[in-house]
1. Report the label-to-label distance for Q91 and R130 in nanometres (one decimal), using points 7 Å from each Cα along the Cα→Cβ vector.
2. Based on a Kirkwood Rh over C-alpha pairs, give the Stokes-Einstein translational diffusion coefficient of the stretch 101-190 at 20 °C and viscosity 1.002 mPa s in µm²/s.
3. What label, among (i) 47, 47, 27; (ii) 80, 36, 31; (iii) 56, 35, 30, belongs to Cα extents along the principal axes in Å computed from the structure on display?
4. Ordering H153, H160, H25 from largest to smallest accessible area (1.4 angstrom probe), what's the sequence?
5. So what are the ³J(HN,Hα) numbers for the stretch 69-75, from phi and the Karplus equation (6.51, -1.76, 1.60; θ = phi - 60°), rounded to whole Hz, Gly and Pro as x?
6. Check the straight Cα-Cα distances from K185 and name the aspartates and glutamates below 14 Å, setting aside those fewer than 8 residues away within the same chain.
7. Tell me, what HN-Hα J-couplings in whole Hz come from the Karplus equation 6.51 cos²θ - 1.76 cosθ + 1.60 at θ = phi - 60° for each residue of the stretch 81-87, using x for Gly and Pro?
8. With the contact rule set at Cα under 8 Å and sequence spacing of 6 or more, what percent relative contact order holds for the chain?
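The values are calculated or read from the model by the stated rules, or taken from the named source; none is laboratory data. A quick note: this is a predicted structure, and the numbers were derived from the prediction, not measured. Ideal geometry is used to build each Cβ from the backbone, glycine not excepted, and the neighbour counts take in all protein chains shown. Areas reflect the complete protein model, heavy atoms only, side chains present, ligands, DNA and RNA absent. Shrake-Rupley method; radii C 1.70, N 1.55, O 1.52, S 1.80 Å.
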Amino acid sequence: MVVPPQHATTGAPPPEWYIDALMRHEKRPYYVGLLAAAAAVHGASHQAVMEFQVVTDKLLPDIEAGRTRIVFSYRKDMAAVSSGVEDRKTQSGYMKLSSPELTALDLVRYPQSGAGLDNIATVLSELAERLQPEKLASLSGAFERAVVQRLGHLLGRLGHPQIAEAMFTALSARGPLPWVELDPKQAGDPDLSPPPSERDERWRVIVRRPPEIDE
């Protein structure tokens, strides 16, 4: 690509300018999501995002474009979340972007891409006011029950239980809920993990260390 003079210092134009053309070349469905969506469009990222994060149905290697790293997360059933993907205009055309509801669910599903539980909780606290309960409930059916349980617990912890009410109703229809860890990594080694500090009986989530919100 030709690098415009105003982007010479970064070595490449912004990924928003060419991600759609790149993915059409790859013949893959995609959407820009996770922290990249939360920060760039939804205005909910407390820290600068160092990666441009894309979700697609193929395991693709990271791409270094100047000072920017494009990182891909894998999702097999892209069609299942198509209602949560919207077209967003860019300076060079359009790109596919995750809605606030899909962004919230993805952040919990891909915790490493969200920079850990503390950062995810912080971003969710800023994103919550944009979440529409019915859309969140509808999309939650395309996610693992544990992901929905963790998101429901986090929204309640952040003071937004009403946003998750419809999602809880939809989740309950899927059968009895098993107990899940809020942060699976903390339960990986019983000798190194703190004992449970609380249990959320409604969402059936075990909390070993409450997330810390970066104000």
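1. Using points 7 Å along Cα→Cβ, the separation is 2.1 nm.
2. Details: Rh = 13.1 Å.
Translational D for this selection: 163 µm²/s.
3. (iii)
4. H25, H160, H153
5. 10, 9, 10, 10, 10, 9, 9
6. By straight Cα distance, K185 reaches D118.
7. Values per residue, Gly and Pro as x: 10, 4, 5, x, 10, 10, 7 Hz.
8. Details: 344 pairs, mean separation 34.8, N = 215.
Rounded, it is 16 percent for the chain.
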